[in-house]
Amino acid sequence: MNREGTIYTIVFVFIVSFAFVLLLSLTNQATIEQVELNREIVRQGAILSAMGFDAEGSEEIQQKYDSVAADPDAGLYVATINGQVVYGTLFAGPGLWGTIEGVLAVTADLGEIVGVEIVSDNETPGLGGRINESWFKDQFRGERVADDGITVTQTAGDGDPDPTNSLVDGVTGATRTSDSMEAIVNRELQRLRSVEIQQILRSLESQGGNA
Amino acid sequence: MSDVVDIRPGAILKNNLWSNNPIFMQILGICSALAVTNLLTNTAIMTLGVTLVTGFSSLTVSLLKKLIPRKVRMIVQTLIIAFYVIIVDLVLKAFLPEISKNLGPYVGLIITNCIIMGRAEAFAQSNGPIVSFWDGITSGLGYMGVLLVMAVFRELLGFGTLFGYQIMPAAFVPWTIMVMPPSAFFLLGLIIWAGKTMMGGEKA
C-alpha cells in the first residue's frame, strides 16, 4: 500500500487519533473520582479554615464539615464556633488573569471578618499568587468592616497588624490582584447584607450548625 | 552539532547533558525556563514531567515511524506529545493536587516545549525505540539540570528559601526581581555564557 497516498494518510490519522483519545478517556475515567474528591476536600477545607475551624487531613476536614449547616446552591454556610455564629460564603470574582474563587467568613452581625481563604486562582505565581500565603490571609482575621467595606492597599510594612482600621496590606508588585481582592470581598459583604441572603442565613442558623 | 550522530548510550548522555545541552547550546525550551523557575519544588516536578514526556514521546514516535506518512509527520508527533502531557496533567491532578494547583497552566504548556518536538524530529524519527527513549530522557535531564540551577538562585534570592525551607537569615531582604520573569533572562544569559566559556576551554 502506498504509505504517502491520501487514503492511507486519512485512515492512519483517523486510527491514531482514535486510539490516543480512547486511551486518554480511559485515564480520565480512572482518575476523575479522585480529582473530584480532591477538589471537594480543598473546598471544604477552605470553608472550615475561613470560618475559624482547625482541621487538617482529609478525614478531619470531612468530619468537621458535617457540623456546618450548608446551602451549597447559594454558596452559604453557617456554623457556631465557641458560642459565636459565623457566616461563610463562597465567592468568585475577576482577578488579573482569571477568576479568583474563595471563601469569606464573617460574624453574624457582619461587623467583623472571621477569615478569608482562596480556593483557586490564576494569578502570577510569586506575585499575585501570594494572596494564598498566610501573611496575606491572616490580615483578614478579626478585621473590622467599615461602612464602605475594607481597603486592600500598599502600606509601608509587611502586612497590616491592626484589625480595627478595616485595612489590609496588599501584595507588593501585584496591585491589580490586590485591587481585585478588595472589590471581591466588598461585593461579597454587600451580597450578605441583602434581604434574600439574610433569610437563607437565618433559616440555616435555625437548622443548627453546632460545632 | 556534529554531522554524524553518535548513538552509543554514553555519548548520547554526555551530548544531551553537556556538549549539546538543549538549553544552553540549542537554546530550546526557553519559555518554561523563564516561567517556572522561581520555586524549586515546582521546577523539579515540572522538569520531571518534561523528562518523562520527552522520553515516552520519542519512544512512541520511534515505534510508529515506519507507519507515519511524511506529510502528517508533525501533526502525529504533536498528537503523541499532547497525549503524554495530558496523562501527566491527570496524574498530577489526582495524586499531587497541591503541586498541580501551583503549576497551573504550565503543565499544559509542556506541549509547546520545543525540546520534545526537536528530539522526536531530529532523533526518534531515524533511530530505534530504545535508544530514542534514552535520548529523550537524557535531553529532559539536561533541561532539568539547567532549570534546577536557575531555580536555586531564584528561590534563594527571591524568597530566601530552598524547597520552601527558610535558608537565608531573617534580616535578608528578598529580591523581588528574582521572582519576576526578567531575572530569568539575566540568569539564563549568565548560564549560557558560563556554559559556552567552559566548553570553549575544553575544546582548546
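The values are calculated or read from the model by the stated rules, or taken from the named source; none is laboratory data. Predicted, not measured: the structure shown is a model, and the values here were computed from it. Reconstructed Cβ throughout: ideal geometry from the backbone, glycine too, with neighbour counts over all protein chains shown. Quick note on the areas: whole protein, heavy atoms, side chains included, nothing else; ligands and nucleic acids left out. Shrake-Rupley method; radii C 1.70, N 1.55, O 1.52, S 1.80 Å.
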* Criterion: part of a loop (DSSP other than H, G, I, E, B) and away from chain A (no Cβ under 12 Å) - qualifying residue of B:38, B:21 -> B:21
* Asked: Of all the helices (runs of 4 or more DSSP H) wholly in segment A:95-211, which have at least 3 residues that are under 27 Å from residue A:74 (Cβ atoms)?
  -> A:175-193, A:195-206
* Where a residue in segment B:166-185 is within 12 Å of chain A (Cβ to nearest Cβ) and its partner, wherever it lies, is open to solvent by 60 Å² or more (accessible area, probe 1.4 Å) and not aromatic (Phe, Trp, Tyr), with Cβ under 8 Å and at least six apart -> B:176/A:172; B:183/B:177
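Let's see how each residue does on (1) at pLDDT 90 or above; (2) open to solvent by less than 80 Å² (accessible area, probe 1.4 Å):
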position: A:165; (1), (2): no, yes
position: A:168; (1), (2): no, yes
position: A:171; (1), (2): no, yes
position: A:178; (1), (2): yes, yes
position: A:187; (1), (2): yes, no
position: A:190; (1), (2): yes, no
position: A:194; (1), (2): no, yes
position: A:201; (1), (2): no, yes
position: A:206; (1), (2): no, no
* Output the residues belonging to segment B:79-113 that are open to solvent by 60 Å² or more (accessible area, probe 1.4 Å) and either touching a His at 6+ places or on another chain (Cβ under 8 Å) or touching a residue at least 40 places away in the same chain (Cβ under 8 Å) (or both). => B:96, B:102, B:109, B:112
* **Residue under evaluation residue A:8, criteria (1) open to solvent by 20 Å² or more (accessible area, probe 1.4 Å); (2) farther than 30 Å from residue B:66 by Cα, criterion not met** => (2)
* Asked: Going by the conditions given, is residue B:49 within 30 Å of residue B:157 (Cα to Cα), at pLDDT 90 or above and not in a loop (DSSP other than H, G, I, E, B)?
  -> yes
* Asked: From the set of residues in segment A:141-160 that are in contact (Cβ under 8 Å) with a residue 12 or more places away in the chain and under 25 Å from residue B:179 (Cα atoms), which is nearest to the chain's Cα centre (by Cα)?
  -> A:152
